[in-house]
Each structure stands twice: as structure tokens, then as C-alpha cells.
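Here the structure comes first, spelled out in C-alpha cells, and everything after it is commentary.
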Amino acid sequence: MSNLMEKIVSLCKRRGFIYPSSEVYGGFGSCYDFGPLGVEMKNNIKKAWWNEMTKFHENIVGLDAAILMSPKVWQASGHLTAGFADELVECKKCHKRFRPDEIQHPRLSNLTSGVCPECGGELTKPRKFNLMMKTFVGPVEDEASLTYLRAETCQGIYMNFENVLNSMRVKIPFGVVQIGKAFRNEITPKDFIFRIREFEQMEMEWFCHPKEADKYFDYWLNERLKWYENLGIKKENLRQVEVPEKERAHYASRQIDIEYKFPFGWKEIEGIHNRGDWDLSNHSKHSGKDLKYFNEETKEKYFPYIVETSVGVERSLFAFLCEAYQEIPGGRTKTTKPTKEVEILLKLDKKIAPIKVAVLPLVRNKPGLVKKAKEVYQILKPHFVCQYDELGSIGRRYRRVDEIGCPWVLTIDFDTLKDNTVTLRDRDTMAQERVKIADLVELLKEKLSEAKPRPLS
Ligand code: ATP
């Protein structure tokens, strides 16, 4: 793990973003729990994505399909066959499995070394391992009740293609969005929350005429890149990679990965796929239901093509954290003596920052200040996710809120008791302004909406 990664992982645990799952039992197979700050940040990312798709674009509706589906879905989608499998080698001695690209021969770039990096045992030839997680539905644990935890959320959308068409009177082109859990039995999960076994996806399936799929592919790729930039990711830390045919997902006729420059290298955070008519035609074939679209005006009947945008909530959250993390040796304060410590500043976009406002009494041994600060906290609490903090020196408390990326801090001091104003400090500029308590809610709402999404496109 790189030094920067270690620091981010440690910050996440220390400050309530992310904890290892089942930690009292030593953790569990690359699963993670999101703490009080993590869940707020995750919710903010999901809300930003949902708003972007459904409010700032036309013809997009939402869906929340069940995780458990008929196993026939996965048969038809190709997920139970070699299509959805990773190629792995296994150690004959310790039975650990590795992706061939992780244990390449030091001199021969296309060959695995044949030796287990863990115990030195002999490795098998590469074999395909399916990533679907099995489960049993009903009282009898036999083949008849076997099904799978969904490995991607989009299949629920294809299952409801006709329902949405009939109930919502939408016309092609239109999109259906969904956010939900997906599960993959990743054999080599790693890099903290980058590759995990239980994660959330935010997927949009755009149904369009086959002749328009290329045009919409370019359009959505662009829109998605802008989304990351609007939420604070620098252009130079994003890139698009055209995936060659042999490496593409089994359903994709074209695939561009949006990659982010993580501390451990460039890695995919989102896939843009032209799935063609793979899904609807296969589900038609396997179910016997005609899932073609009929255009009333032109009388044309066809399988729509699907352009998909697919991003992991945790992976994008990880990218936002990496992008926001800054260390300032000696600290930022110019007015007081600089500390010897390195100060951490998490420059998260205001929309995704988990805590929006911190309320601090200047000191905690003056009951009048504490009482007033608690009053201010109660005024703001119904409107914003706030934090009240009275422990430690004011400088130390400022540092604590900078570390969690809180955009605004309110300090209640002796003047507050006289004139009902407080000091509002901006995380990024450290500028302080004096604000009337009565104006706080409106002012903060305005500041938050300054970071508004771009207009309808
Ligand atoms: P990778 O090649 O990294 O395994 P993938 O190409 O299989 O990813 P897709 O099937 O295109 O990924 O899934 C779309 C998105 O879902 C990914 O870009 C990623 O953000 C997220 N995702 C996929 N697998 C995982 C995982 N194991 N852990 C966390 N996020 C994931």
C-alpha cells in the first residue's frame, strides 16, 4: 500500500468514514462498513448522481428492482457462463488464487511465473472462475431453489423495460436509472474499497434507436466526465480508455472506461458501454416474450440499443477522497503560532462533504457560550448535517473539522451574547465573516446552492 493510501485508510477509520466489516472477528473478506461520516458522504454522492440524471436531463425515470431475481435472468444475460469470469491461477499447495497479471514472470511479460508468491508452491494453468454469488431461496437447499445475488443492477432495468414503457408512456430515446447493491465474488479484492465483494452501483440504461447509439455513446461519455469535474475532480486526474475487443465485457460492442489517477495508478471508476441489443434480444429469446419496441409513427419494430453508464458508489467515493486529501506541513494558520504537526485538509466539494456545518463555542467553561452554541446548533440541525464540538482548543477543533472536509464552521464567542452574531469560517479560504444568527439558515442554503449542478442538458 502506498504511503498516501495508508494515510487515507487511517483517516477513514479515525474519523468515522469507513471501517472494516466484522472487525471484532478480524474483518471479513474485503467487505467494509460505512461509518457516520461515510454514510452521509455516500448518500450525498448518490443524491448528486440521481439529481444529475433525473433532474438535469430529459426523459429519465428511476427504478428500484429487487436484488434477488429469477436465475433465468442470469442464464440469459450470459453471467453464468464464461462471459462473467476472471481468469485465475491457483496454488496447488496453499490454494490461494491470483490473477495472471498480478504474478507475471519477471522476464516474460505474457507469462505467469508459475510460482506462488505466497508460499512458493506450484501454480495451476489459468482457469476461469465465475464471479456470481450463489444463494438459496425457500426452505430447501437444492438446485431448484438456487439463485444468485445480482452482479450488476442493470438486469432489473431490462426486466422492467416493458413495464416502464407501458406505465410511463415514455418514448425512445429514454433512460432508466437505478442505484443499488451488487455482489461479485472477486477472487483478488484489493486496494481498500477499490475492489470489494459487496458494493453499490449507479447505472443508467439509455434505450435508443440502433442508428443513434454511437451519437448517444459520445454524449453520455461527455456528460459523465463533466459530472466528476463539477464535483471537484481535476481534468488531469481523469482519462478515457477505449477498451479493445478482447478485453471488453461480454455484452459490450464498444466500451470506454473512465479512469481516475489513484495513488496506486490509473484505474477504472466508470464504464460507458454500448450493449447493443444483447440484453433485450437475449431476454426475448429465453423468455419467449417479445421485448421489441414499436414506433407508432414510423411503424418500425426493433430491439432498441442500450448505452449504459455504470459507476460504483464506493469507487467514486474513494476517488473523491483521494482528490480532496491534502497535507499542510506546519498548518495554515497565520495569526497564531504554526503547529509542528502536519495539518490535514479534506477539500471535498460542498455538495458531497458529509458534515456541512460545525458549531463551536469559543470555550467550554463558560455556560453562557455553551448554551448559546447549543441553541444555534438546534436552529441549524433540521436544515443541514451539523456537528457540535466543544472539546479542546479552538485551533484544534478547526483542524478536526478541516480533516473531515466540513465546509463551514461557526464560532460562538462573547460578542454573540451581546449582538446575536457568530463568526462564519470558510474551510477553503479561511475567511471569516460576522453573521446574524437569524440569517444563518438562509445564508448557508444560498452558499450550498452556489455549488449547484449545471443547467438542463
Ligand atoms: P473491474 O475491471 O475493475 O473489475 P469491471 O469492468 O468489471 O471493473 P463493470 O462491470 O463495468 O466493472 O462495473 C461498473 C462499475 O462498477 C466499475 O467501473 C466500478 O466503479 C464498479 N465496480 C465493479 N466491480 C467492483 C468491485 N468489485 N468493487 C467496487 N466497485 C466495483
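Per residue, the Cα convex hull of the chain amounts to 199 Å³. Asp142 contributes about 70 Å² of solvent-accessible surface, heavy atoms of the protein only, 1.4 Å probe. Pairs of Cα atoms in region 123-233 fall into 5 Å distance bins, from 0 up to the last occupied one, in shares of 2, 9, 12, 14, 17, 16, 13, 9, 5, 2, 0, 0 percent. Per residue, the convex hull spanned by the Cα atoms of region 169-298 amounts to 162 cubic angstrom. With Rh defined as the Kirkwood radius, the inverse of the mean 1/r over Cα pairs, the Rg/Rh of region 284-396 is 1.34. Expressed as a whole percent, the accessible area of region 162-302 that falls on carbon and sulfur atoms is 45 (1.4 Å probe).
Only beta bridges with both residues in the chain are counted; by DSSP, about 85 percent of them are antiparallel.
Kirkwood radius and radius of gyration were both taken over the C-alpha atoms of region 1-80, and their ratio Rg/Rh is 1.12.
For the chain, the longest principal axis of the C-alpha atoms and the axis of helix 213-230 are separated by about 20°. Amide H contacts of Glu270 (H built 1.01 Å from N, in plane; Pro and chain starts excluded): Ile258 sit under 5 Å, all sequence-distant by 5 or more or on other chains.
Pairs over the 24 Å Cα-Cα cut-off, from the set Lys371/Lys418; Lys55/Lys261; Lys42/Lys261; Lys42/Lys96; Lys47/Lys72; Lys42/Lys347: Lys55/Lys261; Lys42/Lys96; Lys47/Lys72. Straight-line cross-link reach from Lys292 at under 15 Å between alpha-carbon atoms covers these aspartates and glutamates, not counting any fewer than eight positions away in the same chain: Glu162, Asp277, Asp279, Glu300.
I'd like the orientation of helix 36-55 relative to the chain: the angle between its Cα long axis and the longest Cα principal axis, in ° from 0 to 90, rounded to 10. Orientation of helix 36-55: about 60 degrees from the principal axis. Axis of helix 313-324 versus longest Cα principal axis of the chain: the two differ by about 40°, to the nearest ten degrees.
Report, ordered by chain and residue number, the lysines lying within cross-link reach of Lys299, taken as a straight Cα distance under 17 Å and ignoring same-chain residues fewer than 8 apart. Excluding near neighbours in sequence, the set is Lys171, Lys211.
Here the sum of -39500 (n - 2.57) over DSSP H runs of 4 or more residues, divided by the residues of the chain, equals -9000 deg cm²/dmol at 222 nm, to the nearest 500.
The values are calculated or read from the model by the stated rules, or taken from the named source; none is laboratory data. This structure is a prediction, so every number in the text was calculated from the model and none was measured. Protein only, heavy atoms only, side chains kept; ligands, DNA and RNA dropped before computing areas. Shrake-Rupley method; radii C 1.70, N 1.55, O 1.52, S 1.80 Å.
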